[in-house]
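A quick write-up on the structure given underneath.
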Amino acid sequence: MTVNVGWIGLGLIGKPMARRLVDANYPVTLWNRTASKAADMVSAGARLAPTAREAAAAADVLFTCVSDPPALEAVLWGPDGALAGLRSGSILIDSSTVSPGLARRVAAACAERGAEFLEAPITGGTWGAEKGELVFLIGGEAATLDRARPVLDHLGKKLFHLGPHGAGQTIKLAMNLLYALEVQALAEALALVNGAGIGSEKLLDVLASSMGRAPVLDVKAPMMTAGNYAPSFPLRLMHKDLGLALDLSNQLGVPLPATAAARETYSAVKGASHGDVDYAAVRSFWRR
Ligand code: NA7
């Protein structure tokens, strides 16, 4: 049976994900706020819908992958938003990183329309999106995941079913705060070493043979030493995720002192940055 896919959000991650489904010959109907970003996808065989509502109306499985909670609210509940077009029996899969509370609100709105919902934030970056090697952190019903699995298998190498709605976003926020702190910790360690007149490569050589080594640092350390911050995962999105983690910590009464401090560093770099930079640019806090 043909599965009609709807896709909303052609950002750094969303676009290569949608492209994989077009290339796998799924009928894909797209909508993006900036329609011009869909031109190459249309050339590759996708159909461009005039509104999010119409993209949803064409879909058995509708994906959303947008920047942040206000963007998700706009594409779902805004004028000609997707929820108004969502078909009974269809599945909405949201791969944006948003709050667990918003994920639960979207689940309730889908249920009112007789549709099912999975939150499915991702890790793996643009590279993982292009290769179909993303890791999905899923919250929702197991039966919905079973229905969606054939499509998700084109996009990811691993699907973690983590619990009910909210669980996937909670784990995603916990993971991203860990990445943000690791990358900031490396930036601080490099600042100390450089401040003592020692080259960065000395610390990185030792790190490579130590327990301090981490895959995220293997990726970000070369960016930091070269000062090349072309965004793979933009700092503005990491800053958003640290804010979401702190909001959740306030709701739960769980203190996150290191995260709160790191958010100040990320805020300072975000404020001083020109254009979109990767979160490895947190290093520039010590280089101004
Ligand atoms: P990007 O590159 O920031 O892409 C953002 C997408 O979200 C892009 O399609 C935007 O449309 C869309 N967007 C942003 N704000 C809005 C509003 N207000 N209304 C409608 N559409 C909007 O993000 P990534 O693809 O790297 O990441 C997506 C998610 O995965 C994000 O939550 C990450 O944290 C993880 P535009 O093209 O700008 O018109």
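The values are calculated or read from the model by the stated rules, or taken from the named source; none is laboratory data. What you see is a predicted model, and the numbers here were worked out from it, not measured in a lab. Positions of Cβ are generated from backbone atoms using ideal geometry, with glycine treated the same way; all protein chains shown enter the neighbour counts. Note: accessible area is taken over every heavy atom of the protein model, side chains too, but ligands, DNA and RNA are not part of it. Shrake-Rupley method; radii C 1.70, N 1.55, O 1.52, S 1.80 Å.
Does segment 3-22 contain any residue that is surrounded by fewer than 21 Cβ atoms within 10 Å (Cβ to Cβ) and under 22 Å from Ser88 (Cα atoms)? So far as segment 3-22 goes, yes, one or more of its residues are surrounded by fewer than 21 Cβ atoms within 10 Å (Cβ to Cβ) and under 22 Å from Ser88 (Cα atoms).
Within the option set Gly199, Gly195, being of a type in the set (Gly, Ala, Ser) and surrounded by 12 or more Cβ atoms within 10 Å (Cβ to Cβ) holds for one residue only, Gly199.
Residue by residue through segment 85-123, note down the ones that are open to solvent by less than 40 Å² (accessible area, probe 1.4 Å) and either among the charged types (D, E, K, R) or in a strand (DSSP E or B) (or both). Once the filter is applied, which keeps residues that are open to solvent by less than 40 Å² (accessible area, probe 1.4 Å) and either among the charged types (D, E, K, R) or in a strand (DSSP E or B) (or both), segment 85-123 yields Ile91, Leu92, Ile93, Asp94, Phe117, Leu118, Glu119, Ile122, Thr123. The combined condition, being open to solvent by less than 20 Å² (accessible area, probe 1.4 Å) and within 15 Å of the ligand (Cβ to nearest atom), is fulfilled by Ala38.
In the condition set (1) touching a helix residue (DSSP H, G or I) at 6+ places or on another chain (Cβ under 8 Å); (2) on the phi > 0 side of the Ramachandran plot, Thr225 is compliant with all but (2).
Screening segment 214-249 for residues that are in a loop (DSSP other than H, G, I, E, B) and more than 11 Å from the ligand (Cβ to nearest atom) and picking the one that is surrounded by the most Cβ atoms within 10 Å (Cβ to Cβ) gives Tyr229. So for segment 97-112 (the condition being within 22 Å of Pro150 (Cβ to Cβ) and touching a strand residue (DSSP E or B) at 6+ places or on another chain (Cβ under 6 Å)), does at least one residue qualify? Checking segment 97-112: at least one residue is within 22 Å of Pro150 (Cβ to Cβ) and touching a strand residue (DSSP E or B) at 6+ places or on another chain (Cβ under 6 Å).
Scan segment 78-93 and tell me whether some residue there is of a type in the set (A, V, I, L, M) and near the ligand (Cβ under 9 Å from one of its atoms).
Of the residues in segment 78-93, the ones of a type in the set (A, V, I, L, M) are 82-84, 86, 91-93.
Now narrow it down to the ones that are near the ligand (Cβ under 9 Å from one of its atoms): none.
No: segment 78-93 contains no residue that is of a type in the set (A, V, I, L, M) and near the ligand (Cβ under 9 Å from one of its atoms).
Return yes or no: is Ala174 touching a residue at least 40 places away in the same chain (Cβ under 8 Å), among the small types (Gly, Ala, Ser) and open to solvent by 50 Å² or more (accessible area, probe 1.4 Å)? Criteria met by Ala174.
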